[in-house]
Amino acid sequence: MEFFERFAIPHPSPAIYASMVAIAVVSIAIVVGLTYFKKWGYLWREWLTTVDHKRLGIMYIIAAILMLFRGGADAIMMRAQLSAPENKLLDAQHYNEIFTTHGVVMILFMAMPFIIGFMNFVVPLQIGARDVAFPRLNALSFWLFFAGAMLFNISFVVGGSPDAGWTSYFPLADNEFSTSVGTNYYMIAIQIAGLGTLATGINFLTTILKMRAPGMTLMKMPMFTWSALITNVIIVFAFPVLTVALAMGTLDRLFGTHFFASTNGGMDMLWANLFWVWGHPEVYILILPAFGIYSEVISTFARRNLYGYKSMVASMVIISLLSFVVWVHHFFTMGQGAFVNSIFSITTMAIAVPTGVKIFNWLLTLYKGKIVMTTPMLYSMLFIPLFTLGGVTGVMLGMSAADYQYHNTMFLVAHFHMVIIPGVVFAMLAALYYYWPKMFGFMLNDRLGKIGAWIIAIGTLVAFMPMFISGLDGQARRMYTYSEASGFGIWNMISMVGALMLAAGFALIVYNIYYSFRHAPRDIGSDPWDARTLEWATHTPIPEYNFATMPKIDTYETFWDSKKKGTTLFPDKIEKIHMPNNSGIPFIMGIIFFLWGFSFVFAMWIPLIICTLGIFACMAYQSFENDHGRYISIEEIEETEKELGGKR
Amino acid sequence: MMKELFPMKQVMGFIFSLVLTAVALMVYFFDMSFAIGMTILLVTAFIQAGLQLVLFMHAGESEDKNAIYITIYYGVLIAIFTILGSLLTMVWTYQFQ
């Protein structure tokens with residue numbers, strides 16, 4: 001029995017026990033359901049072993065939506081606790097665990113897979129490729145992300161949640177102050193998911209640089225692909241810093257080193273420094289693909305080509321450089337003095353310039369455009385004013401002298417939510433509506449979509465604007481309660497209403513998916529939005545080889561030209577197509593990595609060594625496997641094309 | 001004919017890299033201050049790395065040499081920013097205040 005005591009939760013509550021039961025029931029229901037409907041084989045053949053970028057993209061997006069609801073449930077619990085002064089709904093420890101989980105889940109396991117999911121689905125189609133450069137590595141990336149996410153998600157029922165904040169600052173995160181295994185989960189789950197992200201970065205960098213259709217020079221790439229390219233450059237340069245920082249943190253917690261300890265020559269501030277050396281570029285890893293989505297959506301529904309293509313590209317390149325030189329603005333109050341703070345204040349404000357260029361380019365794209373207000377376009381239009389609110393308060397926070405007032409208050413919380421929700425979440429929802437017909441062959445209901453968009457936009461304002469006020473009045477973030485005399489009660493009650501509106505908005509999206517699945521017409525063709533880029537040139541549903549023949553590109557919008565001027569997009573004859581085979585190795589490695597991480601969290605060294613050997617065995621097997629892929633014959637391609645309505 | 005076949009550049013590079021190694025080894029064998037020793041090590045290390053990259057790893061000999069050099073410059077730039085910025089924030093600011 002003693003062995004199992006380590007898995008007990010140090011700080012239990014009825015809600016956690018209820019969650020345990022719910023998790024067990026749902027897991028059993030899934031297993032029973034799959035067995036009853038005889039879907040194991042289908043699941044294994046079509047999804048678990050797939051290396052197809054489209055399916056991996058869809059799996060990333062499903063995982064992201066699940067995590068959105070996990071993080072959202074955390075948010076509702078926090079807002080409920082704060083909605084009245086001296087509330088007793090949660091105690092301090094649970095509140096700490098919940099805000100930590102909310103932060104990590106929303107950034108790393110919701111926003112990241114959402115953008116990587118769309119990159120997976122869209123980028124190869126936009127550049128006219130048949131898959132990514134390393135399809136099997138792509139599958140491994142997904143399963144590493146998934147293993148990391150699941151490992152993090154079980155922490156609250158096995159051994160205890162991390163409770164040191166999503167930034168996990170030392171010395172708080174060290175053994176002395178965080179005694180449960182929670183922070184081990186943080187270090188190791190993010191490490192595993194981070195390895196997957198790093199591999200994605202290398203994979204997409206290679207794909208975009210090497211696998212573009214004939215004639216597509218860099219300056220003829222669609223804007224989303226450009227944003228994906230820049231994002232992956234940032235990933236490749238920023239994520240190793242996180243890897244190293246997490247490894248050092250793990251060593252400190254499990255092997256008694258003193259990198260981040262405040263004694264024995266350690267330096268606790270170094271964690272904050274390394275975390276934000278990664279953390280600030282991470283902000284741009286999230287926002288640049290979102291900007292790419294807005295560029296596609298706005299140009300499609302303004303019925304105009306994107307204004308200022310070259311300045312869009314230039315501003316992204318400049319942002320990618322500047323994103324690496326501003327990290328200190330996350331800890332202006334740490335004591336490095338006015339000189340250092342001034343330097344990073346100035347670099348921070350410099351980023352507003354290329355971002356402003358992009359905003360004006362979108363506005364000028366709209367100018368004199370024939371605007372069609374669909375749901376994705378509505379999200380993009382709501383994004384501009386709301387994001388600007390978040391951005392302007394960011395400039396206020398960027399002034400280091402004034403930051404001493406705002407630091408660690410709800411003002412900061414309001415700022416980054418007003419940037420991330422309109423910036424990233426609206427973009428992902430716009431992309432979900434925009435690419436849904438390409439993914440699933442029917443459109444989501446536009447009326448329900450627009451109602452949802454308005455509820456979410458107003459909910460965002462109602463939830464986060466009061467925090468600016470209570471934050472300026474001095475309400476600190478990460479405090480589980482406050483006194484009645486502080487006068488924060490009314491603002492937090494308004495926030496609670498906004499949080500419930502957001503919940504209703506997201507529930508409406510789920511209902512919309514159900515409603516449209518039941519009622520939406522299926523005969524929408526392959527280009528329902530009358531769009532401009534190459535992903536709409538292929539059939540719906542997309543055949544596994546994407547394009548029967550390679551498109552020939554000669555302008556920035558060749559697909560649009562082929563529709564309007566009648567130029568030929570696919571001049572070649574059908575030839576046999578070389579495709580990669582499915583593989584079970586990535587999925588198996590994901591499972592082993594999960595067990596590896598679990599053993600590591602609880603410092604169970606023997607299972608850890610066995611899992612490590614298993615990982616190397618998988619890699620060795622992969623290295624010696626002789627798999628040259630397979631060919632799809634001309635007859636088979638012709639038949640598929642005929643079924644889908646003729647070769648393009 | 002022999003002159004064209006003889007890899008003059010590579011041989012000279014090899015000798016030069018041996019010289020660099022010898023210079024770096026001096027730090028161990030001769031008594032010098034920490035600052036001078038560190039300077040010698042850093043300078044020889046970076047020249048050595050550049051030499052290896054260009055001569056023996058053939059950067060700049062394929063058609064994607066621009067991509068290779070841009071990536072290297074970008075990486076070096078970000079490394080310098082990060083290291084100098086961290087030193088500035090974590091160490092120097094407390095020494096010169």
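The values are calculated or read from the model by the stated rules, or taken from the named source; none is laboratory data. Because the structure is predicted, anything quoted here is derived from the model rather than measured. All Cβ positions, glycine included, derive from the backbone under ideal geometry; neighbour counts span all protein chains shown.
Kindly list, by first and then second residue, each pair from a residue in the range A:319-342 that is in contact (Cβ under 8 Å) with a residue 40 or more places away in the chain and at the interface with another protein chain (Cβ under 8 Å from one of its Cβ atoms) to a residue that is outside any helix (DSSP H, G or I) and surrounded by 21 or more Cβ atoms within 10 Å (Cβ to Cβ), limited to pairs with Cβ atoms under 8 Å and residues at least 6 apart or on different chains.
Cβ pairs passing all conditions: A:Val328/A:Gln336.
Answer yes or no as to whether A:Ala430 is of a type in the set (A, V, I, L, M, F, W, C) and at pLDDT below 95.
No: the conditions fail for A:Ala430.
I want to confirm something. Restricting to the range A:176-216 and keeping residues that are assigned to a loop (DSSP other than H, G, I, E, B) and of a type in the set (D, E, K, R), which single residue is surrounded by the most Cβ atoms within 10 Å (Cβ to Cβ)?
Checking each candidate, the answer is A:Arg212.
For the range A:331-349, which positions are closer than 17 Å to A:Tyr284 by Cα and crowded, with 22+ Cβ neighbours inside 10 Å?
A:Phe344, A:Thr348, listed by residue number.
Output the residues belonging to the range B:44-67 that are in contact with a helix residue (DSSP H, G or I) (Cβ under 9 Å, 6 or more places away or on another chain), within 14 Å of chain A (Cβ to nearest Cβ) and either within 20 Å of A:Ile318 (Cβ to Cβ) or not charged (D, E, K, R) (or both).
Those that are in contact with a helix residue (DSSP H, G or I) (Cβ under 9 Å, 6 or more places away or on another chain), within 14 Å of chain A (Cβ to nearest Cβ) and either within 20 Å of A:Ile318 (Cβ to Cβ) or not charged (D, E, K, R) (or both): B:Ser62, B:Ala67.
Restricting the search to the range A:239-261, which residues are away from chain B (no Cβ under 14 Å) and more than 16 Å from A:Tyr186 (Cβ to Cβ)?
Listed by number, the residues that qualify are A:Phe255, A:Gly256, A:Thr257, A:His258, A:Ala261.
Check the range A:147-160 and report whether any residue there is of a type in the set (Gly, Ala, Ser), within 30 Å of A:Ala18 (Cα to Cα) and touching a Lys or Arg at 6+ places or on another chain (Cβ under 9 Å).
Yes, the range A:147-160 contains a residue that is of a type in the set (Gly, Ala, Ser), within 30 Å of A:Ala18 (Cα to Cα) and touching a Lys or Arg at 6+ places or on another chain (Cβ under 9 Å).
Can you name the residue in the range A:199-216 that is aliphatic (A, V, I, L, M) and within 19 Å of A:Pro113 (Cβ to Cβ) and, of all such residues, is farthest from the other protein chains (Cβ to nearest Cβ)?
Residues of the range A:199-216 that are aliphatic (A, V, I, L, M), as a first pass: A:199, A:202, A:205, A:208-209, A:211, A:213, A:216.
Pick out the ones that are also within 19 Å of A:Pro113 (Cβ to Cβ) and you get A:199, A:202, A:205.
Working: A:Ala199: 17, A:Ile202: 12, A:Leu205: 9 Å.
Only one residue fits best here, namely A:Ala199.
When B:Gln95 is evaluated against the numbered criteria (1) free of Cβ contacts under 8 Å to residues at least 24 places away in the same chain; (2) among the polar types (S, T, N, Q); (3) surrounded by 12 or more Cβ atoms within 10 Å (Cβ to Cβ), which criterion, by number, is the only one it fails?
Tallying (1) free of Cβ contacts under 8 Å to residues at least 24 places away in the same chain; (2) among the polar types (S, T, N, Q); (3) surrounded by 12 or more Cβ atoms within 10 Å (Cβ to Cβ), B:Gln95 fails exactly one: (3).
Find all pairs meeting these conditions: Cβ atoms under 6 angstrom apart; at least six residues apart or on different chains; first residue within the range B:75-89 and more than 13 Å from A:Ser323 (Cα to Cα); second residue buried (at least 17 other Cβ atoms within 10 Å of the Cβ).
From the range B:75-89, the pairs are B:Ser86/A:Asn273; B:Leu88/A:Val340; B:Thr89/A:Val328; B:Thr89/A:Gln336; B:Thr89/A:Val340.
Tell me which of these A:Met467 doesn't satisfy, since it passes every other one: (1) within 20 Å of A:Met418 (Cα to Cα); (2) surrounded by fewer than 16 Cβ atoms within 10 Å (Cβ to Cβ).
(2)
Across the range B:68-78, which residue is nearest to A:Pro281 (Cα to Cα) among those that are of a type in the set (A, V, I, L, M) and more than 9 Å from chain A (Cβ to nearest Cβ)?
B:Val76
Would you mind stating whether B:Leu84 is within 14 Å of chain A (Cβ to nearest Cβ) and either assigned to a loop (DSSP other than H, G, I, E, B) or of a type outside the set (S, T, N, Q) (or both)?
yes
State all residues of the range A:217-238 that are in a helix (DSSP H, G or I) and either within 14 Å of chain B (Cβ to nearest Cβ) or within 20 Å of A:Trp271 (Cα to Cα) (or both); if no residue qualifies, say none. Spell out how you get there, then give the answer.
At the first step, the residues of the range A:217-238 found to be in a helix (DSSP H, G or I) are A:218-220, A:223-238.
Correct list: A:Leu218, A:Leu229, A:Ile230, A:Asn232, A:Val233, A:Ile234, A:Ile235, A:Val236, A:Phe237, A:Ala238.
Among the residues of the range A:343-380, which ones are within 13 Å of chain B (Cβ to nearest Cβ), of a type outside the set (A, V, I, L, M) and free of Cβ contacts under 8 Å to residues at least 40 places away in the same chain?
A:Thr347 - this is the single residue of the range A:343-380 that is within 13 Å of chain B (Cβ to nearest Cβ), of a type outside the set (A, V, I, L, M) and free of Cβ contacts under 8 Å to residues at least 40 places away in the same chain.
A:Thr257 fails exactly one of the following numbered conditions: (1) hydroxyl-bearing (Ser, Thr, Tyr); (2) under 25 Å from the mean Cα position of the chain (by Cα); (3) closer than 19 Å to A:Phe177 by Cβ. What is the number of that condition?
(2)
Among the residues of the range A:539-554, is any at pLDDT below 90, surrounded by fewer than 16 Cβ atoms within 10 Å (Cβ to Cβ) and under 24 Å from A:Lys310 (Cα atoms)?
The answer is yes; a qualifying residue exists.
For the range B:40-92: of the residues being in the same structural domain as B:Thr21 (by TED's automatic domain parsing) and closer than 30 Å to A:Phe344 by Cα, which is surrounded by the most Cβ atoms within 10 Å (Cβ to Cβ)?
B:Val43
Restricting attention to the range B:87-97, and to residues there that are at pLDDT 85 or above and more than 8 Å from every other protein chain (Cβ to nearest Cβ), which single residue is farthest from A:Gly279 (Cα to Cα)?
Per the stated criteria, the residue is B:Trp92.
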